[in-house]
1. Taking only C-alpha pairs under 8 Å that are 6+ residues apart, what is the relative contact order of the chain in percent?
2. Taking only the Cα atoms of the stretch 232-347, how large is their convex hull per residue, in Å³?
3. Order these by the 10 Å Cβ neighbour count, fewest first: K2, K225, K436.
4. Give me K180, K287, K27 ranked fewest to most by other Cβ atoms within 10 Å of their Cβ, as a rough exposure proxy.
5. Taking every alpha carbon pair in the stretch 231-278, what does the distance histogram look like in 10 angstrom bins from 0, in percent?
6. I need the Debye-formula profile for the stretch 4-122: one equal scatterer per C-alpha, no solvent, reported as log10 I(q)/I(0) at q = 0.17, 0.19, 0.21 1/Å, two decimals.
7. To the nearest 20 debye, what charge dipole does the stretch 4-122 have about its Cα centre, counting +1 at the Cβ of each Lys and Arg and -1 at the Cβ of each Asp and Glu?
8. Grab every C-alpha pair in the chain, bin the distances at 10 angstrom width from 0 up to the longest one, and report whole percents.
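Rule-based calculations on the coordinates, nothing more; no lab input. Predicted model, so just to flag it, every value in this text is computed and none were measured. Cβ placement follows ideal geometry from the backbone for every residue including glycine, while neighbour counts extend to all protein chains displayed.
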Amino acid sequence: MKTIKILLIEDDMVDRMAFKRLVESGKLPFDYAEAGSVSEARKILDSASFDVVISDYLLGDGTAFDILDLQLDSPVIITTGAGNEEIAVRAMKSGAYDYLIKDADRNYLKVLPLTVDKAIRQKRTEDRVKIQSDREAEEAVLIGGGGLTETVRLVELAASSDSPVFITGETGTGKTLVAKAIHYRRPVSGAPFISINCAALPENLIEAELFGHEKGAFTGAVTAKKGIFEMAEGGTLFLDEIGEMPFHLQSKLLSVIEDKQVRRLGGNAVRSVNVRITAATGIDLEKALGKTFRKDLFYRLSVIRIHIPSLRERPGDIPNLCRYLLKMIAGGRERALDDTEIQKLMDYDWPGNVREMKNILERAVILQKGPEFRPSELLGKDRTPHKPMSGVSSEPDGIVTLEELEKDHIRQTLHNFSGNITRTARVLDISLSTMKRKVKQYGLK
């Protein structure tokens, strides 16, 4: 188990001893240093770095706010015996990861190890976001192309506004990339970009994930936890598959968006939030208005509407898109496509859009080691270029709708996997709940 480096800033010797007993009796992997004041803590921090800093609120020569003012790269957990919630809220707004109220029996120490673990996990996630931010900003180039002129115009418009954005498009067209492109083109691009898939979370968890919860709000809630609205403070919250959000939570979401305030599950305190909302769906949500989706929420979310055309609607973008993806996938190795191969890829209808293209090219880079590079060979015999769907004419007077294309594609994939819905959902890169809804919608099983 990896050792966790902790700086404990505490001027009470009894509390220091209690912390020492906690570490020794629990055999916790803590390597910790101690400071009894703000000035002592500053000296230690000048020469050493820590995974987590735990600071008492009231110190001999200052308060925990003096520690927060140092703008440390480590998460700071504040302990206070003051019992003043206003202080705790101020601390959180000033950058503290969490706060724990000291009690006479020192029960707060029981949850301290879990709080430290969560702080480290969140810090690792934030570090990964920082590392990936440059790459994500670069990947946003994927939205470019002659077939996306209107989409790019709307992205630029959305980046200059704080209004909610509603993104639509088939699976794999790049809705998440468009959301990130909007975020990274804003002046606050360094602020957090938090994404949640509304179809991936169980109904009994999504409320706590969105709005947070207080200690004891439900079984297993041993500490208070921020919701993603609070985590996205000052940045963007991307609600993917918004059409899958439970109906009973939609009114609460609407209230948070309009009032810019959130109340954690099991709590009474109201917290102000400043978050830019971006939502996306791959279904025709307007057909569900008044049935499974609230009209008022839909109109509140869709102030700026952006639709991403499918790849088959913009085949002219495929050559540049292939070159960009290959450059990213091959890691500097030269993998060029000749004109004949490019034409084969342009002739294919790409039902999985950009996501499928990236998958095919990545597989080709791994599997095809010789001088000839033929990604089109991986498209499969059941996916010949522009092959008309069974029973559907490709002539102009028999043009098939996108809904019929999707239905036929899901039917064929289900057949290939002997009706296994879970495997089909995984291959199509959609959530199981979305897959079940599609099966029911199209009467496929």
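1. On the way: 628 pairs, mean separation 51.0, N = 445.
Relative contact order of the chain: 11 percent.
2. Details: hull volume 18.7 nm³, N = 116.
That works out to 161 Å³ per residue.
3. Working: K2 7, K225 20, K436 14.
Fewest to most other Cβ atoms nearby, the residues stand as K2, K436, K225.
4. Working: K180 25, K287 11, K27 8.
In increasing order of surrounding Cβ atoms, one gets K27, K287, K180.
5. 23, 57, 20
6. Computed log10 I(q)/I(0) values: -0.79, -1.02, -1.30.
7. Here the stretch 4-122 has a charge dipole of around 400 debye.
8. Spelled out bin by bin, the chain gives 4, 17, 24, 22, 16, 11, 5, 1, 0 percent.
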